[in-house]
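Here is the structure we will look at, set down as structure tokens.
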Amino acid sequence: MTDTQPPTHETGPSPDYTSERGEKAAPERADVLSGDFGSFDDHHPPAQELLDDCVHCGFCLPTCPTYALWGEEMDSPRGRIYLMEMAEKGEIPLEGAFTTHIDRCLGCMACVTACPSGVQYDRLLEATRPQIERNVPRSRADRLFREAIFTLFPYRRRLRAASLGGALYQKLRPATMDRLLAKLPRRLERLVAMESLLPPVSVRDAFARTPIFTPAVGTRRGRVGMLTGCVQDVFFHQVNLATVRVLAAEGHDVVAPAEQACCGALGLHAGREEESAERARALIAVFERAEVDVIAVNVAGCGSSMKEYGELLADDPVWADRAAAFSAKVRDVSEVLADALADSRAPRHRVDATVVYHDACHLGHAQKIRTQPRDVLRSIPGVTLTELPEAEICCGSAGIYNMLQPEAAGDLGRRKADNIRGTGADLLVTANPGCLLQIRKYLEGELPMLHPVQLLDASIRGVRPPGM
Amino acid sequence: MTTSDPTTVTPSSLEELRDAVLDRPGPIRVAGAGTAHDWAGTPAPAGTVLSTTGLSGIVTHNPGDMTAEVWAGTPFAQLQARLGEHHQRIAADPAREADGATLGGLFATADSGPRSLQYGSLRDVVIGATIVLADGTVARSGGHVIKNVAGYDLTKLLHGAHGTLGVLAALVLRLHPTPQVTATVAVPCDRAAMTDLARRVADSPVEAAAVAWHDGRLLALVEGSERGAEARARRLVETLGDEAGLLAPDDATAAWEAHDAAVRARPDDRAVLRFGVIPGSLSGVLDGLDTDTGGLTEVTASPRTGIATVALPADADVVAAAHRRVADAHGTSTLRQRPPGADLPAFGPAPASAALLRQVAASVDPDQRFGRGRLAPWLPLPSTTVGATA
Amino acid sequence: MATPTTATGPTTGPLAADFAAVLPDTCVITDEVGLRSYECDGLTGFRQVPAVVVLPRDAEEVAACVRVCARHGVPFVARGAGTGLSGGALPVADGVVISLQKLRRILEIDVENRRAVLEPGVFNLDITRAASPHGLYYAPDPSSQQVCTIGGNVAENSGGAHCLKYGFTTNHVLEMEVVLADGSLVTLGGPTGDQAGPDLRGLFIGSEGTLGICTKVTVRLLQTPESVRTLLADFPSIEAAGDVVGDIVEAAIIPAAVEMMDSLAMEAAEAATGAGLTVDAPAALIVELDGPADEVDAEFEHLTAICERHGATRLHVPTEAEERARVWKGRKAAFAAVGRISPDYIVQDGVVPRTRLAEVLTRIAEMGRDAGLRVANVFHAGDGNLHPLVLYSEAAGEHDAAEELSTQIAELCVELGGSLSGEHGIGTDKACSMPRMFSPDDLDVMHRVRLGFDPDSRCNPGKLFPTPRLCGERPGPYRPHPLEEAGVIERL
């Protein structure tokens, strides 16, 4: 629906200063002038030694989605680290341009993959975002919008209610809606973005539950706990069911505790540290009670955060060790399945398809998991894998980014869609619901899109993959 | 205008060269072996002819580094022979070599032969130079190492300058090993077929060093090791079909000599034009010129580089039209051999960069002492001095 | 302090307003945070905040920006990806930075004629990516090829690992569109690389942005070689590895690349990439041969025999393209990877005649010992281009000593008959060393040529030429070139 707008990569980012102070003039900023941490407060500011790792070589630039769009130094990893340095020295304040450029980062971590010096941009960003959340007052509209997201998304019950409304709404959605939305003033574009992301969801799926215990088929390999997730369980319930079936077919008892809630990844990536820590503690407790060997995750963003609980709670004397033990058990579902390939229990049926696999950033860049999902897919007879040009560049989903920065996300989504089309594949497969929602928006109906476990599940069961 | 003969000076050292430039008044025409005396623009009268032939020989040759510094007046053929003793060579094969052309002369006229397909022209193997400007300033640029980005590549400015802007005293060259074996594959074909055949040569993995069309056949040159070159040439024969054949060594030499002879030819009442266009346009431009001129002769063409040398009637309108046709195809052209006294346009329509050229010339040779007239009309004669110095 | 968007001073106000008349608002940067982001390139030791940064979107807009600069009489600096290691894109005080990062279109891949037409902001590696489906590639491959731009390559005349056989940017650019200091657009070169008249294209390439801004480049594409064979060989000493290079040359083999790394460099590269380098070997060579299979096979046999003769302790032949790419990734990431073994380091870039490699390395090792600093060595052994990496700690106060050692190494290269720079350029970093390599007359002639292009010296001033402001009133004294001393060359 933004097709009528000029492509932004030609002009650069629009001056989206929603993060800048919106209503009243800034008070004198004490933090600009004082302290060892410059403009940052003393609660885990970006560590100087991590900043020092950056030698300004620029190898990160081509893989950075915002640099790919606009070519501006401040919207590149190298530039953002430079801004962090300046803030650390107290040379620039956090609010204003600093926040704008950090907000525009998708957190895709492609730069971490590209960096030859081993700069841990992921840790720098995770240290910087909470500083902004704590110290930069956001405009009222921005604040309300962010609150709305975090009041809705991490809660399965609320999402179900919303999806019910959404399902109804999509049935009734008048054909003129797109034109109406296109006419909305620019400040409402985030709402437009959120609206357009709503996936088609059946009411039955939204309210279905993942079975609490599913026994292994045949001899038992182990006991796997499964994260059912919040968005995933409501909008992609079929993926969860497929995950349970595939894990069981490969010899795992699958435990999906009913009392589990959101893992906190969305909030953590947005700098809402305290809220996320609380969610982490709750989830750890749930899985401790479940007594599992491994915790399998089928959402890249969640798995990435859960593997970092150890660091998130490192300062908490009660939880530090428990968090580290938890993180050590977390595996992406493709890791669990790839381990089983050498001694596979579940025979596959043929699926003749050219499949393009999209690396979700939180799987490829954050967790360095690239070969395992491909190996799992190659275990299906008839599947030909094809690679995507610009595979390292984010699709624009990036957690809640496509709601907060719809324009940039739209440009990236279209770019990814063009690349996918160019492969001529029959099927797109990716392991993150955010990516599926985002890419679906720009490739609606052009080709089926699945989570890898759905394709594997279809192959094991000998049924036609969904949508094919 | 008087017709008094100019004074020829032949310095034999850098110092003498600089002194000659300082001591002689007015315009100076630089000359090497004189094999291109009638190329490019008609030289304006000059009181002094500065011969570089006294600056001859190898200054230093470092076989281990594969570099050599050579006086600009060294005959190219003689130089290649000397380097050949070390199994090294300059990877360039301009036809004028056989006429005794000097290294500096070949460089100043931007001459190149068929091997430019693989190696480029002399500009691509020259890594440094010593030059003397009109005010006697002696300047060096580049150096004795192949890889060097310190300072401007001033040497390039004199490539194709036809004796304007400055005079070359010495050049430093990167050398290549002499190939153990060269082999030539020939396919009889008319000009219309050369493009497609040459494309097949290029698309094969054989990596021909040169591909040239002359006198009803396409020649492809393969250079390499004893084991490799023969095998590659045979593969090329297979690629090019039944008509193609590997030439016996003597036949190959004769074929290339005939090619070079056509490039160097001075047919009666005809002028020689060398031009370059995008390779895909070459055939069309040649056909157009054929029609325009009532038939080209002495045609040699390199269908993969887009460079051709042709003879056409020595008529100012015909030559001007030929330049225009090349320019319309987005190419460049320079007039070469012509009948004595023929007043023909040396270049096509002036590009936007001609203004830049005039500014650079004004900066390094403000009085236009060197090679006056050679780059006219792009570098026009100074209006106040025409005729005054003769 | 609160609103960073209007840091315009008295001079930038009207200037920025004029830019705003030729560019959209979002393409003119005047806020403090934005401007400071452009204060340095890949060489962070030199910093200067510009007055304005502009991001034009096409050649016409570049020309319009240059005309605004001309009207205001302000200097400008063109900037590509900002990866240069000589401070060539360092802004000028009160000057304008013209970023070319929005000119990133590949305008044409002409398969039949084997050419690519590019905007200057295209990443070097993307040319090959676009050409490879047609069996073609772009030969110059600087180590930073994934991020450096073709416009920057033109400015620096970049080479890369494979330039021994294939040459430099200047050997691969056929034609360029250039914006001159007065804002006029001209074309240099021609479709065949031949130009009627002097080779202004060749002069422009490698002029480090001091003659104008290139806005369109036509490059030659080469056919992907039929066969590529790479050998990774470890040696008991740097000398042994050096002897191998000599013997390769003697055998009339021109490898596509010959790279040497010492153990310190390998340690860093291995930590960064896991390329399969032997970290405790004193020296390793990466030799790559390419071309027709018949030739490559014959040469490769010869090559392994040479390595064995000189006591190679390991010969590793990566067979898969992927494995070969990993070895090269290890080599190409070496500079940046040194960040893993040292808090700070300086990358040097000097050239010596290849036959003097052993000598220069011995001298560098001695100089490093004297300075109490570690020096890692990565170099293009085939063409004598050294990249000593001087490791130091800013925190330990070693910066000045490291700078001094680094400069001494570059000047040592000149002393041995080589050059101050093989590929990184002179820029800001080495401008003061230029009188070590060139006489005042040499530099004066270069300067006169520059004035022909840019009479007011507004294109990237302060770079390449030594200036009193940068180098003190008396630039370093000229010392005779050793060839001059030996009577090999003369200077009058």
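Annotations
- Positive-pole candidate from C:Trp328, C:His387, C:Ala376, dipole of the range C:326-407, charges at beta carbon: C:Trp328
- Residues whose amide H comes within less than 5 Å of that of C:Leu107, counting only those at least five positions distant or on another chain, are C:Val117, C:Leu118, C:Glu119 (H built at 1.01 Å from N in the peptide plane).
- Gap separating the Cα centres of the range C:333-378 and the range C:66-129, nearest whole Å: 30
- Among residues other than C:His310 with Cβ under 15 Å from its Cβ, the summed charge is -4 (Lys and Arg +1, Asp and Glu -1).
- The Cβ shell under 13 Å around C:Ala272 holds other residues with a net charge of +2, Lys and Arg each +1, Asp and Glu each -1.
- Note, ³J(HN,Hα) from phi for the range C:364-380, Karplus 6.51, -1.76, 1.60, rounded to Hz, x at Gly and Pro: 4, 4, 4, 4, x, 4, 4, 7, x, 10, 7, 10, 9, 10, 10, 8, 7
- Cβ-Cβ distance of C:Ser393 and A:Ser202, R₀ of 60 Å, FRET efficiency by 1/(1 + (r/R0)^6): the value works out to about 0.45.
- Label-point separation in nm, B:Gln78 to C:Glu301, each point 7 Å along Cα→Cβ: 4.2
- Counted charge near B:Val21, where neighbours are those whose Cβ lies closer than 13 Å (Asp, Glu -1; Lys, Arg +1): -3
- Centroid-to-centroid separation of the range C:130-177 and the range B:191-262 [C-alpha atoms, Å]: 29
- Inter-probe distance in nm under a simple model that places probes 7 Å from Cα toward Cβ, at A:Thr386 and C:Glu239: 5.8
- Prolate/oblate/rounded label for the range A:305-373 (Cα gyration tensor, a/c 1.5): oblate
- A simple charge model with +1 on the Cβ of Lys and Arg, -1 on the Cβ of Asp and Glu and nothing else charged puts the dipole of the protein assembly as shown at about 3780 debye relative to its Cα centre.
- ³J(HN,Hα), Karplus 6.51/-1.76/1.60, whole Hz, each residue of the range B:97-108, x for Gly, Pro: 3, 5, 8, x, 4, 8, 4, x, x, 5, 5, 5
- Inter-label distance for A:Arg134 and B:Asp287, nm, one decimal - labels placed 7 Å from Cα along Cα-to-Cβ: 7.7
- Only one residue of C:Gly84, A:Thr384, B:Gly331 has its Cα farthest out toward the positive end of the dipole of the protein assembly as shown, where Lys and Arg carry +1 and Asp and Glu -1 on Cβ, and that residue is A:Thr384.
- Taking a ≥ b ≥ c as the square roots of the Cα gyration tensor eigenvalues, the range C:90-161 comes out prolate, since a/c reaches at least 1.5 and a/b is larger than b/c.
- The range A:352-408: trypsin sites (Lys or Arg not before Pro) falling in loop per DSSP and having at most 12 other Cβ within 10 Å: A:Lys368
- The protein assembly as shown: C-alpha gyration tensor shape, a/c 1.5 cut-off, then a/b vs b/c: prolate
- Given charges at beta-carbon only (K, R positive; D, E negative), |dipole| of the range B:247-390 in Debye: 600
- The gain in end-to-end length when the C:Ala17 to C:Thr44 segment is fully stretched comes to 6.7 nm, 0.36 nm per residue minus the alpha carbon separation.
- In range of the label at B:Asp203: residues from the range B:274-307 whose backbone nitrogen is under 16 Å from the point 7 Å along Cα→Cβ: B:280, B:304
- Zero-based 20 Å bins, Cα pair distances in chain B, whole percents: 28, 57, 15, 0
- Kirkwood-type radius of the range C:227-415, with distances r between different C-alpha atoms, in Å: 16.8
- Dividing the mean sequence gap of close Cα pairs (under 8 Å, 6+ apart) by how many residues the range C:12-99 holds gives a relative contact order of 36 percent.
- Efficiency of FRET from Cβ geometry, C:Glu112 and A:Arg370, R₀ 35 Å, rounded to 0.05: 0.40
- With θ taken as phi - 60° and the Karplus curve 6.51 cos²θ - 1.76 cosθ + 1.60 applied, the whole-hertz 3J(HN,Hα) list for the range C:152-157 is x, 4, 5, 4, 9, 6 Hz, x standing for glycine and proline.
- Intensity falloff of chain C expressed as log10 I(q)/I(0), Debye formula with alpha-carbon point scatterers, at q = 0.06, 0.07, 0.09 Å⁻¹: -0.28, -0.38, -0.64
- When chain C is described by a simple charge dipole with +1 on each Lys and Arg Cβ and -1 on each Asp and Glu Cβ, the residue from C:Val74, C:Ser207, C:Leu125 located farthest towards its positive end is C:Val74.
- Cβ-Cβ distance of A:Glu444 and C:Ser227, R₀ of 35 Å, FRET efficiency by 1/(1 + (r/R0)^6): the value works out to about 0.15.
FYI, it's all coordinate maths here, none of it is from the lab. Since we're looking at a predicted model, the values are computed, not measured. Backbone-built Cβ (ideal geometry, glycine too); neighbour counts: all protein chains shown.
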